[in-house]
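Before any comments, here is the structure.
The values are calculated or read from the model by the stated rules, or taken from the named source; none is laboratory data. Predicted, not measured: the structure shown is a model, and the values here were computed from it. Here the Cβ positions follow ideal geometry from the backbone for every residue, glycine too, while neighbour counts run over all protein chains shown.
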Amino acid sequence: MDGVLSDITVDSDKIARIEPIGPDYEAQRREKGDEFFFALPSLVNMHTHSAMTLLRSAGSGLPLFRWLNEAIFPREAQLTPDDIYRGALDACEEMRQTGTTAFNDMYFSIGSTLRAAKETKLQANIALSVTDRNCEDKQLFARFLDSIHHKFEESGCSFSIAPHSIYTVSAHNLQMLADFAKEHQTLFHIHLSETQKEREDCLRENGVPPVVYLDRLGIFDKVGSKFIGAHSLWLDPTEIEILGSHHVTAVHCPNSNLKLGSGYRFLYTELRDAGVNVTLGTDGCASSDNLDMVEAMKVMSLLQKGIRNDPSVLPADEVLKVASNNGRKALGLPDNSIVEGNVADFFLISTNNRVFKNIEYINSTPTQIHQEFLNRLIYAADGNAVSQVIKQ
Ligand SMILES: [Zn+2]
């Protein structure tokens with residue numbers, strides 16, 4: 001851990017003890033080629049539609065609006081709650097196997113996703129995806145939420161509301177849903193400025209870009225830092241300032257944005273410096289094809305270096321923080337740094353994995369070993385390198 005060979009003792013769901021092993025013994029074990037493991041805090045997938053494992057790679061080659069209308073919405077109309085449970089279960093297993101133990105979901109039939117998360121012992125915020133069609137019967141909507149409330153108690157999961165986007169939910173309904181989020185103290189999770197088309201349509205119809213439009217509707221005043229803008233890709237400086245002043249969370253989904261040709265100039269540095277909590281997600285398997293957050297970290301880091309012509313931007317330790325701590329902060333989960341007394345929620349990678357072979361241990365400081373390991377994890381490995389996840 002942190003480049004120091006240590007024994008980590010877990011008792012129930014807590015890290016009870018971390019005991020460094022003496023340097024002589026460490027050298028002996030390394031010389032013999034004993035297997036040991038790197039330990040890192042588990043990751044948080046901050047934007048996904050987990051049941052979309054059922055639609056993996058659907059509509060490949062189509063741009064977002066055709067992809068939604070031709071490949072996704074017609075297939076989703078056929079899904080039953082049981083289908084959604086099976087799809088979400090596959091997703092939860094995939095996430096757990098690749099080092100992710102918490103996720104922020106947006107879909108329908110949220111009880112099905114909750115069941116899958118509970119069975120695989122993942123933590124989740126599960127949002128009901130809403131379009132204008134769901135809002136027609138407000139009584140039904142309220143009754144539905146009342147009925148699911150008790151299912152979430154003691155599950156380690158929470159529920160929230162997710163207006164799908166500004167182009168599928170009217171101004172009136174966006175305000176109604178923000179009132180709901182404020183009243184129930186839930187997150188307000190929305191696809192935001194995902195494509196240039198979304199931005200241009202909003203400018204044409206409302207005279208202002210999406211974030212200014214939401215601000216004028218009073219959405220940020222109502223939900224504040226509980227606002228989660230998935231994608232947040234096409235933004236101008238005024239919009240970034242609005243998002244920063246409310247300390248909202250933005251979720252970059254690089255693989256999905258690239259696959260759908262939505263864009264790649266995510267303004268990481270500007271958002272971070274403005275006060276936005278920047279996090280990372282894969283999006284659903286229909287657009288990102290997998291739920292591998294290690295792969296997503298690599299793509300995010302490489303894109304930032306590429307668009308700025310600067311290899312020092314978003315180094316391995318910083319992108320790891322984006323993919324772990326920042327997500328936990330957004331979901332209100334306790335810190336899972338590997339420290340005595342903290343919750344035990346981390347993953348292990350074997351030194352026998354080929355990507356981590358031949359690291360120079362003997363003549364390196366713990367910090368150098370840790371950096372070397374992190375660089376290999378982000379740039380050379382993918383989520384399949386994860387040997388085991390430790391989480392109750
Ligand atoms: Zn999405």
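In table form, for the structure just shown:
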{"quantity": "Which numbered condition His370 fails, given (1) at pLDDT below 95; (2) part of a loop (DSSP other than H, G, I, E, B)", "calculated": "(2)"}
{"quantity": "Residues (under 18 Å from Asp34 (Cα atoms), loosely packed, with under 14 Cβ neighbours inside 10 Å and touching a residue at least 12 places away in the same chain (Cβ under 8 Å)) located in segment 356-387", "calculated": "Glu360, Ile362"}
{"quantity": "Residue within segment 240-249 that is assigned to a strand (DSSP E or B) and either at negative phi or within 24 Å of the chain's Cα centre (by Cα) (or both) present", "calculated": "yes"}
{"quantity": "Meets criteria (modelled with pLDDT of 95 or more, over 30 Å from Ile349 (Cβ atoms), crowded, with 16+ Cβ neighbours inside 10 Å and not polar (S, T, N, Q)) for Tyr107", "calculated": "no"}
{"quantity": "Top-ranked residue in segment 126-174 [being of a type in the set (A, V, I, L, M, F, W, C) and in contact with a His (Cβ under 7 Å, 6 or more places away or on another chain); ranked as modelled with the lowest pLDDT]", "calculated": "Val130"}
{"quantity": "Any hit, segment 208-220, residues being away from the ligand (no atom under 16 Å from the Cβ), part of a helix (DSSP H, G or I) and without any contact (Cβ under 8 Å) to a residue 12 or more places away in the chain", "calculated": "yes"}
{"quantity": "Residue count for segment 325-341, restricted to those that are of a type outside the set (D, E, K, R), on the phi < 0 side of the Ramachandran plot and surrounded by fewer than 16 Cβ atoms within 10 Å (Cβ to Cβ)", "calculated": "3"}
{"quantity": "Elements of type strands (runs of 3 or more DSSP E) contained in segment 1-120, each with 1 or more residues being within 15 Å of the ligand (Cβ to nearest atom)", "calculated": "43-48, 100-107"}
{"quantity": "Any pair with Cβ under 6 angstrom, 6 or more apart, that starts in segment 49-66 at a residue that is closer than 26 Å to Arg199 by Cα and in the same structural domain as Leu280 (by TED's automatic domain parsing) and ends at one that is surrounded by fewer than 16 Cβ atoms within 10 Å (Cβ to Cβ) and not aliphatic (A, V, I, L, M)", "calculated": "Pro63/Gly261"}
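Quick grid of which residues meet (1) touching a strand residue (DSSP E or B) at 6+ places or on another chain (Cβ under 9 Å); (2) surrounded by fewer than 18 Cβ atoms within 10 Å (Cβ to Cβ); (3) over 22 Å from Val386 (Cα atoms); (4) of a type in the set (S, T, N, Q):
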| site | (1), (2), (3), (4) |
| --- | --- |
| Ser256 | yes, no, yes, yes |
| Lys259 | no, no, yes, no |
| Glu270 | no, yes, yes, no |
| Gly275 | no, yes, yes, no |
| Leu291 | yes, no, no, no |
| Gln304 | no, no, yes, yes |
| Asp317 | no, yes, no, no |
| Ala323 | yes, no, no, no |
